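The values are calculated or read from the model by the stated rules, or taken from the named source; none is laboratory data. Here the structure is a predicted model, which means the values were calculated and not measured. Counting neighbours? That spans all protein chains shown, and the Cβs are built from the backbone with ideal geometry, glycine included. In case anyone asks, the SASA skips ligands and DNA or RNA and just uses the protein heavy atoms, side chains included. Shrake-Rupley method; radii C 1.70, N 1.55, O 1.52, S 1.80 Å.
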Amino acid sequence: MEGHLVVQDKPAVKGYEIQEPIGKGAFGVVYRARQPFIDREVAFKVILPEYANQPEFIRRFETEAQLVAQLEHPHIVPLYDYWRDPQGAYLVMRLMGGGNLAEQLLDGPLELTRAVQLIDQVASALHLAHQQGVVHRDLKPANILFDDAGNAYLSDFGIAKTLSSAADLTATGAILGTPAYISPEQVQALPVSPQTDIYTLGILLFEIFTGQHPYPRQTSGSLLIKQVNEPLPLVKTLRPDLPGDIDQIIQRATAKDPAERYNDTLSRSRELKRALNLDVARVIDIDEELVNPYKGLRA
């Protein structure tokens with residue numbers, strides 16, 4: 001948590017009892033909250049009024065929030081509710097109790113089976129979003145959350161795009177994204193695509209296997225230059241125990257030209273498992289046709 005956060009003197013907002021703050025970002029504060037009517041704890045995100053009252057934000061907020069709410073997947077943090085009033089905008093999400101990937105990477109690289117399971121889960125969630133026309137655009141370790149059993153979930157899905165649009169109204173020419181994880185096309189203000197998220201997944205893969213960022217101890221400006229011009233270093237220099245195919249996968253995922261990257265996230269996930277000769281608990285491929293033996297119930 002960044003700095004000391006003070007909860008406003010409002011014990012409840014639209015049926016939610018606001019409790020302690022659990023996170024802070026550029027656009028607002030996330031609180032732990034409780035829904036007394038159903039006795040459920042949730043994550044309650046308050047978007048600051050200076051963003052929530054921007055005309056462009058108002059125009060896009062409801063449309064994009066509805067889209068995110070429809071992204072139903074086992075590894076996307078569900079959006080329970082959202083609304084806007086003169087004091088700000090609000091998002092209510094599932095409360096995740098297992099921390100995030102940024103915290104886990106402080107202890108070094110992940111164990112291989114654990115790493116592949118995480119990539120499987122994230123790739124599957126992104127694949128569904130991409131098929132529905134949603135590009136995350138701000139993937140980073142802090143946006144990958146875990147439940148108490150250690151399963152990975154994507155958060156801030158699509159909301160980052162909405163918020164960035166609002167911020168762009170007040171910062172003409174601003175680059176949208178996090179410099180350590182931004183794609184070359186975002187740096188150059190070119191159109192984004194599913195390959196934008198695949199690029200960032202390549203950076204995350206490097207971190208998961210090595211425990212460090214490929215461009216450590218760089219300023220934001222230096223990071224942007226490297227993202228456009230320099231290929232990622234080789235994992236083998238830090239992890240000679242890993243097969244060489246890992247570097248081929250990461251280099252393809254992080255190609256500077258989006259057309260040279262993988263076509264989709266699932267293809268890269270399958271290649272990774274083949275390279276490591278590992279098989280983890282399988283995540284449902286949404287391209288499969290599911291047969292439901294129980295009439296009247298959703299598969």
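Quick notes on this one:
Here's the yes/no breakdown for (1) closer than 28 Å to residue 242 by Cα; (2) out of contact with any strand residue (DSSP E or B) (no Cβ under 8 Å at 6 or more places or on another chain):
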position	(1), (2)
66	no, yes
75	yes, no
103	yes, yes
106	yes, yes
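- Test: residue in the range 166-179 that is more than 25 Å from residue 120 (Cβ to Cβ), of a type in the set (Asp, Glu), open to solvent by 10 Å² or more (accessible area, probe 1.4 Å) and modelled with pLDDT under 90: yes
- Residue match in the range 180-187 (condition: charged (D, E, K, R), open to solvent by less than 40 Å² (accessible area, probe 1.4 Å) and more than 22 Å from residue 25 (Cβ to Cβ)): yes
- Filter result for residue 157 (in contact with a Phe, Trp or Tyr (Cβ under 9 Å, 6 or more places away or on another chain) and either among the aromatic types (Phe, Trp, Tyr) or part of a helix (DSSP H, G or I) (or both)): no
- Count - residues of the range 71-127 that are in contact with an Asp or Glu (Cβ under 8 Å, 6 or more places away or on another chain) and assigned to a helix (DSSP H, G or I): 4
- Within the range 220-235, tally of residues that are open to solvent by 50 Å² or more (accessible area, probe 1.4 Å) and among the hydrophobic types (A, V, I, L, M, F, W, C): 2
- The range 1-22, residues that are at pLDDT below 85 and not β-branched (Val, Ile, Thr): 1, 2, 3, 4, 5, 8, 9, 10, 11, 12, 14
- Candidate set: the range 234-254, residues that are part of a loop (DSSP other than H, G, I, E, B), touching a residue at least 24 places away in the same chain (Cβ under 8 Å) and under 15 Å from residue 203 (Cα atoms); chosen: the one farthest from the chain's Cα centre (by Cα): 238
- Output for the range 70-102, where each listed residue is in contact with a Pro (Cβ under 8 Å, 6 or more places away or on another chain) and of a type outside the set (A, V, I, L, M, F, W, C): 72, 86, 87, 88, 94, 100
- The range 23-35, residues that are open to solvent by 30 Å² or more (accessible area, probe 1.4 Å) and either aliphatic (A, V, I, L, M) or at pLDDT below 90 (or both): 24, 25, 26, 27, 30
- Cβ-Cβ under 6 Å pairs, at least 6 apart or on other chains, the range 62-80 side farther than 11 Å from residue 129 by Cβ, far side surrounded by fewer than 21 Cβ atoms within 10 Å (Cβ to Cβ) and of a type in the set (Phe, Trp, Tyr): 65/82
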